[in-house]
Structure formats: C-alpha cells, structure tokens
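*Asks:* One structure, pasted below without further comment.
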Amino acid sequence: MAKFFGTNGIRGVFPEDFTLKFIHDMTLAVGTYFKEGPILLGFDGRDSSPVICKVISSALNSIGIDCNVAGIVPTPCLEFAVKNLDYNGGIMITASHNPPQYNGIKPAAKDGVEISRDDELIIEDIYTKKDWPTKPVKWGKTENETRAIDTYLKGIASQVNSTIIESRHFKVVLDLGNGAQAVAAPKFCQMMQCKTILLNQNIDGNFPGRGSEPTPLNLSDLSKTVKENNADVGIAFDGDGDRSIFCDNNGTILSGDTSALILSQHILTKNPNSLVVTCLNSGSSIEALADKFNSKVIRTKVGSVEVSRKMVPTNALIGFEENGGFMYGKHNQVRDGCMTLGLMLDLLATTGKSISEEIFKLSPSFTTKDKIPCSVDKVPTLFSSLKEEFPNSDLTDGIKITTDPKSWVMIRPSGTEPIIRIYAESESEEKLDLLMSEYLEKVKSIISR
C-alpha cells in the first residue's frame, strides 16, 4: 500500500509534516518518474501554494526537466491543459477540500488524468531509494503558461450546445468558495450569456466564506440567494474546483448522487449503450437508471483516481462520486466542476425543464454520509471489531455492511484526513436516519475503548 499518497494525491499540514524538504525530494521522485518535460505546474489559492510551486519548479529544473507555471487554476483546468497543450505531465499544488493549514501535490499523467495507483507506488519507491539523477546533462528552465484557462473553457464549451444555452440567458448563482474556480467558472458563464450572481468570489487560502468543502450545512447562503433572485440554478465548488454541489431552482441543496443521476439520465438519453463508472459508496439507483438505456455500471473503490483510471481503458462515458465529483469522458476522465456546470446548463436548455422537475422524474433515493474524528492508531481496532461482528460484509474498501435488501452502511478511513467516513442508503428518510444513528454510535463506541 502507498505510504504517502492518499485517496487523492499527497497531502499534509504545511510546514509541519508537509515540509519544504519533503516536497523537494518527492518532486525529484515525481520528475524521475516523468523522465522528461515539459511539466505543467498549477496551484490553488492557499497561502503556501506559491512558495511550494517555486520549490517544485527548482527541483524539476535541478534534474534537467523544463516546466511551465499556469498560476492559480482549477485542478481540472491543469489536467485538461496537460492533455491538450502537449505536456508530458502536470503537478497540481492543492489540498482540495482540506482546511487552510493543509496543502498537497497531485500529479497528472500525459493523458491529463491523475496517475494510477501503480504509478504512485513507483514514485514512492523512487523517493524511498532516493533514486534520482544528481548531475543532469543540462539544467531545466521554468517559464509561464498563459493558455491554460482559455483552452479549458473552450474545451468545455465544445461539449455542450452553446447556441441553445446562450439563447436562454440563464440566471446562475456561483458559490466559488474563495477557491480556484473563481478564475474560470464566471468566465464560462459569461461565455454562455448567463446572468451570474457571485458568492465568495475572492480567492483566499483561508476560505473565510464558508470553508473549502461545500456541504449542505454551509450552503445556506447559496440556497437563500437562489430563492431571492429566482435563479435557475446554483452551484458551489470546492477549494480546487474539481467538485460541485448543486442547488435547484427552489433552493434545495442536492446530494452528489442526485445531481449525478440527473446528469447521467440527460447524457444517456443521447448516448445509450454506454458505460458508467462509480464508487462503492454511491447510491444504488444508478444501476436501474443505466439499465433503462441499455448501459452498464462498474463499481470501484472510493477515490477519483479509482474512477478515472477505470474510465480510461474502458472508454466509459460517465464517472462520478457521491461527493459531487462528476466526470464526462468526452471532455476528460477527471472530476470537473465547471464541465459539470456546463452539462447542467445543457440539460436545462435542451429539456426546457427546471432541475426540480428533473428530480421529480427520478426514482426516490435516500443516501447520507457523516464523519467522526479518529486517530490512525484506532483504525485497526475499529475494523477488526466490525469484521468480527459482520463477517459476510464487503471488504473491498473499508467495510460495506448490507443490513437488508434495500439498506447498507459503508465505513472507511479517510485517505486525506484523520477521520472515519460513514455512508448509508435506505428506502426511506426515516429508516436512513435510524440506520445512520445506529452506526455512528457503534463506531464512536468502538474507537472510544
């Protein structure tokens, strides 16, 4: 198993465990893995990101690798630019939704998709052995890349019916979360002739507006603004702009599963006989929906890397996570908050229906999630206890316990924070609440022993 790479890249508290020395040496390992440049660098708005970028660029240059810096960009923008501007790879400096004191690095391969789990292990092996060049034939150089955002936005626009969207002049509320989509999503809405209302639009690495992770609990301003302005749709992005949580025209905050079902139905209507990839912790409604369009669903472990890297060889059209990470294969096989917004606008323009009307067409789906702080040393005890109590459970990723034919609970340690995540699904809101309460108490009881 990887020691440094978590669910999504390498993250840590800067400069405590995620030190400049560690970043420098890990970059030498990543650069050795890439073998040659040019490498594209980008970062989110965290206070530590610019200095980390300088360390990374100088480390790459020291082993003869050229790199270009795109500056503050969303993660999917960097990934799309790597693929379309002829880079040999990319490194995004971000800790995504983690609190401000964190930062991290996320390497992207030449195809614009996060590197695979196997490649993560290769990099860690290089790092552990310090097996990188010491005398390059020539020093690398660092320059700026100014084309990334325009390339990204034109790519998104090419995947939707821009003419119809522009004719509708949608009213959109963007909660940018003081994050990296502030440099891209408003420009995209302008391109689409939308009337745009902005919340938390100033990039700030402390995420003062509502935090770096959009959740139903911190999106009350988004909901209120959508209702007050009679907007067609609201959307909130996470810190690096690859995930998106929607608010419908009535001000209701949608789960990632619900928005994924709406978008999947819209896409599969036009593209039957397709493949959908999603994680084990997503709701079960996607299988029934895919079946209507003669399409199939593949389940993976939790994590965008798992979904993305399964989409590439299978040529899957759709990928998603329950946390608002949606992937459209025709654009790029990565989570992309702005591409997801484009698809939602395409749905509204094409169907002429509101989001709430689209939700009404879906079969009822009741899912939820929560988290509990948990130190690393408590994790083995927790899972050995759960496995003993539920020996017939799915152990593919953490533990997934099926309590009846229509209900399940999944418990797994976070790969990015010292917490335990708990997911659940049931046939009604009442049963779901009872199920979640029961397992929250069970987990708390075990780790408090």
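*Asks:* For Ser167, work out the one condition from (1) over 18 Å from the mean Cα position of the chain (by Cα); (2) assigned to a loop (DSSP other than H, G, I, E, B) it doesn't fulfil.
*Replies:* If we test Ser167 against (1) over 18 Å from the mean Cα position of the chain (by Cα); (2) assigned to a loop (DSSP other than H, G, I, E, B), just (2) comes out false.
*Asks:* So in the range 314-360, with the set limited to residues that are without any contact (Cβ under 8 Å) to a residue 24 or more places away in the chain and over 16 Å from the mean Cα position of the chain (by Cα), which one is farthest from Asp232 (Cα to Cα)?
*Replies:* Top of the filtered list is Phe360.
*Asks:* Right, next: I'm told Asp370 meets every condition in (1) within 24 Å of the chain's Cα centre (by Cα); (2) of a type in the set (Asp, Glu); (3) assigned by TED's automatic domain parsing to the domain that holds Ser264 except one. Can you identify the failing condition by its number?
*Replies:* Single failed check for Asp370: (3).
*Asks:* Residue pairs, Cβ under 7 Å, 6 or more apart or interchain, first in the range 151-162 and surrounded by 15 or more Cβ atoms within 10 Å (Cβ to Cβ), second in a loop (DSSP other than H, G, I, E, B) and at pLDDT 95 or above. List them.
*Replies:* Cβ pairs passing all conditions: Thr151/Leu85; Tyr152/Ala184; Leu153/Ala184; Gly155/His331; Ile156/His331; Gln159/Lys330; Gln159/His331; Ser162/Met192.
*Asks:* Within the set of pairs 6 or more residues apart or between chains, which connect a residue that is over 14 Å from Val51 (Cα atoms) inside the range 12-29 to a residue that is acidic (Asp, Glu) with Cβ atoms less than 6 Å apart?
*Replies:* none
*Asks:* How many of the residues making up the range 407-430 are touching a residue at least 60 places away in the same chain (Cβ under 8 Å) and not in a strand (DSSP E or B)?
*Replies:* Residues that pass the stated criteria total 7.
*Asks:* Restricting to the range 85-121, give me the number of residues that are at pLDDT below 95 and surrounded by fewer than 20 Cβ atoms within 10 Å (Cβ to Cβ).
*Replies:* 1
*Asks:* I'd like the full set of residues that are free of Cβ contacts under 8 Å to residues at least 12 places away in the same chain and assigned to a strand (DSSP E or B), limited to the range 379-406.
*Replies:* Thr402, Asp404
*Asks:* Going through Val30, Val82 one at a time, which residue ends up being in a helix (DSSP H, G or I), surrounded by 23 or more Cβ atoms within 10 Å (Cβ to Cβ), of a type in the set (Val, Ile, Thr) and under 19 Å from the mean Cα position of the chain (by Cα)?
*Replies:* Checking each option against the conditions leaves just Val82.
The values are calculated or read from the model by the stated rules, or taken from the named source; none is laboratory data. What you see is a predicted model, and the numbers here were worked out from it, not measured in a lab. Positions of Cβ are backbone-derived with ideal geometry, glycine not excepted, and every protein chain shown enters the neighbour counts.
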